[in-house]
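For reference, the structure is listed below as structure tokens.
The values are calculated or read from the model by the stated rules, or taken from the named source; none is laboratory data. Since this is a predicted model, take the numbers as computed values, not measurements. Neighbour counts are summed over all protein chains in view; Cβ atoms, including those assigned to glycine, are modelled from backbone coordinates with ideal geometry. Side chains included, ligands, DNA and RNA excluded: accessible areas come from the protein's heavy atoms. Shrake-Rupley method; radii C 1.70, N 1.55, O 1.52, S 1.80 Å.
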Amino acid sequence: MAQKKPEKLIDEKDVRLDGRGLKELRPMKIEVGVLGNADGSAYIEQGKNKILAAVYGPKEAHPKHLAIPDRALLRCRYHMAPFSVEERKSPAPSRREVELSKVIREALEPAVFVEYYPRTSIDTFVEVLQADGGTRCAAITVASLALADAGIPMRGLVAACAAGKVEGRLVLDLDDIEDKEGEADLPLAWMSHSNAITLLQMDGSLTLDEFGQAVNMAVEGCKQIHGLQKETLKAKYVAVKEEVEE
Ligand code: CDP
């Protein structure tokens, strides 16, 4: 059943429908190393989004003509499960999924030392199990962790989140209804270490001043997510080290 638009998405006390403040991220849960058969994997829940990422490689590139002589070929597939959205989605790749696969790959590639693995491929699969807005960003956050979990050398982790405008106010990390009913949505990916923005898109319209504020807000959100990414990786490898020592 389609979600009905409530009268107000933000109340007079600046509280959003799901109880968040304007600059608050959705509750997040991240795990790494969740799949036995992939070289690296990770899982994220961000609000109602539930997304799994798996990485294979570096391995010999197939088909061979795609191999690049001086670096690895980074491939990415973003896919939404038919049951991930309210209206069943065809399992066949849609134009939107082709676009998102491209932007996710481009957001991740600057972080990966692709030059270390010439003629190989690194394949990243993102499966959206449940979607509630901002899946491209959550996909980047989780795929970056899956790459790290696969032991692929990286300059830094990539974290992503959107900022946007809803009922005239700038907000962080829009959910589905805010994305659909709001005035603007600005997904952004940010790479730790080099402090670089590796994805910046925008839907809707903002003034120049709002645009600057939204970019800063999204970068701050990414920094918080990056903290959680680091904690998750550390917790996993401290646990592994303790197991080895026992
Ligand atoms: O997920 P993201 O915000 O990065 O991408 P979008 O194209 O702006 O889509 C926003 C939301 O629309 C998704 O997260 C889904 O919740 C929803 N959607 C849907 O209900 N059915 C689809 N076939 C595609 C998206």
Taking region 165-185, which residues are more than 11 Å from the ligand (Cβ to nearest atom) and under 19 Å from T141 (Cβ atoms)?
V171, L172
Residue selected from region 26-46 under the condition more than 13 Å from the chain's Cα centre (by Cα) and touching a residue at least 60 places away in the same chain (Cβ under 8 Å), by the criterion nearest to T120 (Cα to Cα):
D39
Close pairs from region 70-85: first under 14 Å from R96 (Cα atoms) and of a type in the set (D, E, K, R), partner away from the ligand (no atom under 15 Å from the Cβ) and in a strand (DSSP E or B), Cβ under 7 Å, at least 6 apart:
R77/F125
Kindly list the number of the only condition in (1) open to solvent by less than 30 Å² (accessible area, probe 1.4 Å); (2) modelled with pLDDT of 95 or more that fails for S192.
(2)
Condition check for T207: open to solvent by 10 Å² or more (accessible area, probe 1.4 Å), without any contact (Cβ under 8 Å) to a residue 24 or more places away in the chain and more than 15 Å from the ligand (Cβ to nearest atom)
yes
R96 fails exactly one of the following numbered conditions: (1) more than 14 Å from the chain's Cα centre (by Cα); (2) open to solvent by 70 Å² or more (accessible area, probe 1.4 Å); (3) in contact (Cβ under 8 Å) with a residue 12 or more places away in the chain. What is the number of that condition?
(3)
Note on region 44-65: residues over 30 Å from E178 (Cβ atoms) and open to solvent by 70 Å² or more (accessible area, probe 1.4 Å) are Y56, K59, E60, H62, K64, H65
